[in-house]
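Before any comments, here is the structure.
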Amino acid sequence: MAFSALRARAIWRRHYGGNRDMHVEVETFLAALAPDKRALTDRLRALIHAAAPALDEHIKWNAPSFDDRVTLNYAPKGGMRVILHRGAKPRDTAGFAFDDAAGLAAWPSPDRGVVTIRDMADLDAKAASLSALIAAWIAAAR
């Protein structure tokens, strides 16, 4: 029997048991972070939850991810990246367009944006624009 994506998802759901266990997974991950990373992570998580409250959170690529549309990433030299994407697998970008009017993100492809946050002060300066960008991204990246 071939190992299908549906079977993989069923195994994942059985293992994690739904949102309740995903919450435990996130909290366990966060508890292990250094205090400075934890503070920035918590602030970004709150901003994402406020901009897109319907998204489920889990750990992906060693960082919080929200329905495979917004994923956090710890930059090697400090700070964080907010990755805007359309899922775990590449999709055809023909016909897909997104307008980042504020120019907040770098766009390595039409459906992958990267916002760099250096520190808490940088996040404070970008918070309103980032919140609007995330809300618009979630609406567009279905």
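For segment 62-134, the set of chymotrypsin sites (Phe, Trp or Tyr not before Pro) satisfying both a DSSP loop assignment and a count of at most 14 other C-beta atoms within 10 Å is given as F96. The heavy atoms of D36 offer some 110 square angstrom of accessible surface to a 1.4 angstrom probe. Candidate cross-link partners of K126 among the aspartates and glutamates, defined by an alpha-carbon separation under 18 Å and a same-chain spacing of 8 or more, comprise D42, D99, D100. Stretching A46 away from A34 to a fully extended chain increases their span by 2.5 nm, per 0.36 nm per residue minus the current alpha-carbon distance. Approximating the spin labels as points 7 Å out from Cα along Cα→Cβ, the D67-to-S129 distance works out to 2.5 nm. Using a probe radius of 1.4 angstrom, the carbon and sulfur fraction of the accessible surface of segment 94-142 is 56%.
Counting only lysines at least 8 places from K89 when in the same chain, those with an alpha carbon closer than 17 Å to its own are K60.
Distance between the C-alpha centres of segment 92-134 and segment 33-64: 16 Å, rounded to the whole angstrom.
Here the Kirkwood formula, the inverse mean of 1/r across different C-alpha pairs, assigns segment 24-119 a hydrodynamic radius of 14.2 Å.
The values are calculated or read from the model by the stated rules, or taken from the named source; none is laboratory data. Here the structure is a predicted model, which is why all the values come from computation and not from measurement. Positions of Cβ are generated from backbone atoms using ideal geometry, with glycine treated the same way; all protein chains shown enter the neighbour counts. Quick note on the areas: whole protein, heavy atoms, side chains included, nothing else; ligands and nucleic acids left out. Shrake-Rupley method; radii C 1.70, N 1.55, O 1.52, S 1.80 Å.
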